[in-house]
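A.B. asks: Sharing a structure below in structure tokens format, with a few things to ask.
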Amino acid sequence: MTRVDFHSNVPDKLAYASRLVRKAYMAGNKVVVLTADSEQLAALDAAMWTISPTDFLPHVAAGDPLAVHTPIVLTDNMDVELPHHDILVNLSQLPPVNYAQFQRVFEIVAMDEHDAQAGRQRFLHYRKAGMEPTHFVAGKT
């Protein structure tokens with residue numbers, strides 16, 4: 001069964017997602033990141049190139065021929081063929097259609113009320129599907 005983890009109260013979704021992806025990649029996982037749209041995808045791509053002077057996060061877009069060989073795949077469309085099914089990081093406002101094919105899903109929820117409300121709806125969606133999502137509030141110890 002897929003494990004779903006919510007990370008809420010996130011001040012900067014792209015920076016947070018980049019750090020989360022770095023941690024998952026360093027642990028040997030393959031990661032798919034779902035963005036809300038192509039604009040957010042481009043911004044995430046740029047953020048991953050500048051995460052730190054010493055880290056390299058090998059990533060490509062889902063349609064790239066190298067996607068099958070690249071541990072981090074970025075997409076704004078879950079209807080495409082995805083090469084990996086370890087971890088899905090969701091930055092979009094909706095629950096991913098094919099989330100159950102992943103071992104683990106991270107839902108990243110920003111601090112603003114619009115994103116928080118969308119996050120609550122996704123949380124309820126998973127609950128109705130029989131999942132028991134966990135919840136982590138960023139910035140709290």
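The numbers here are math on the coordinates, done by the rules we state, and not lab data. Please read these numbers as outputs of a predicted model, since none were measured by experiment. FYI the Cβ positions are ideal-geometry reconstructions off the backbone, even for glycines, and counts take in every protein chain you see.
A.B. asks: If I stretch the segment between residue 51 and residue 97 completely, what's the gain in nm (0.36 nm per residue apart, minus their alpha carbon distance), one decimal?
C.D. replies: Computed gain between residue 51 and residue 97 is 13.7 nm.
A.B. asks: Helix-only mean residue ellipticity at 222 nm, the chain, DSSP H runs n ≥ 4 weighted -39,500 (n - 2.57), per residue, nearest 500. What is it?
C.D. replies: Dividing the helical sum by the residues of the chain leaves -9500 deg cm²/dmol.
A.B. asks: For residue 1 and residue 140, FRET efficiency with R0 = 30 Å and r from the beta-carbon atoms, rounded to 0.05?
C.D. replies: That gives a FRET efficiency of 0.65.
A.B. asks: Under a point spin-label approximation (7 Å from Cα along Cα-to-Cβ), what is the residue 29-residue 64 distance to one decimal in nm?
C.D. replies: For residue 29 paired with residue 64, the spin-label model returns 2.0 nm.
A.B. asks: Could you give each residue of region 113-127 its phi-based ³J(HN,Hα) in whole Hz, using Karplus coefficients 6.51, -1.76, 1.60 with θ = phi - 60°, and x for Gly or Pro?
C.D. replies: Using θ = phi - 60°, the values come out as 4, 4, 5, 4, 5, 4, x, 4, 5, 5, 4, 5, 4, 5, 4 Hz.
A.B. asks: Sequence-distant or interchain residues sharing an amide H contact under 5 Å with residue 30, placed H: which?
C.D. replies: For residue 30, the qualifying residues are 86, 87.
A.B. asks: Moving on to the next point. For region 52-141, run through the chymotrypsin sites (Phe, Trp or Tyr not before Pro) and keep only the ones in DSSP coil with at most 16 other Cβ atoms within 10 Å of their Cβ.
C.D. replies: Numbers: sites: 56, 99, 102, 106, 123, 126, 136; in loops: 56, 102.
Passing sites in region 52-141 are 56.
A.B. asks: Roughly what % of DSSP beta bridges within the chain run antiparallel, to the nearest 5?
C.D. replies: The antiparallel proportion sits near 0 percent.
A.B. asks: Hey, which lysines would be in cross-link range of residue 13, C-alpha to C-alpha under 22 Å, not counting anything within fewer than 8 residues on its own chain?
C.D. replies: Filter leaves 23, 30, 140.
A.B. asks: I've got another one for you. Check each of the trypsin sites (Lys or Arg not before Pro) in region 50-141 and keep only those in coil by DSSP with at most 10 other C-beta atoms within 10 angstrom; list them in order.
C.D. replies: Counting only loop positions with at most 10 other Cβ atoms within 10 Å, the trypsin sites (Lys or Arg not before Pro) in region 50-141 are 140.
A.B. asks: Quick one: the Cα spread of the chain along its three principal axes, in angstroms, biggest first?
C.D. replies: 36, 30, 28
A.B. asks: Tell me which GluC sites (Glu not before Pro) from region 37-141 have a DSSP coil assignment and no more than 12 other beta carbons within 10 Å of their own.
C.D. replies: 81
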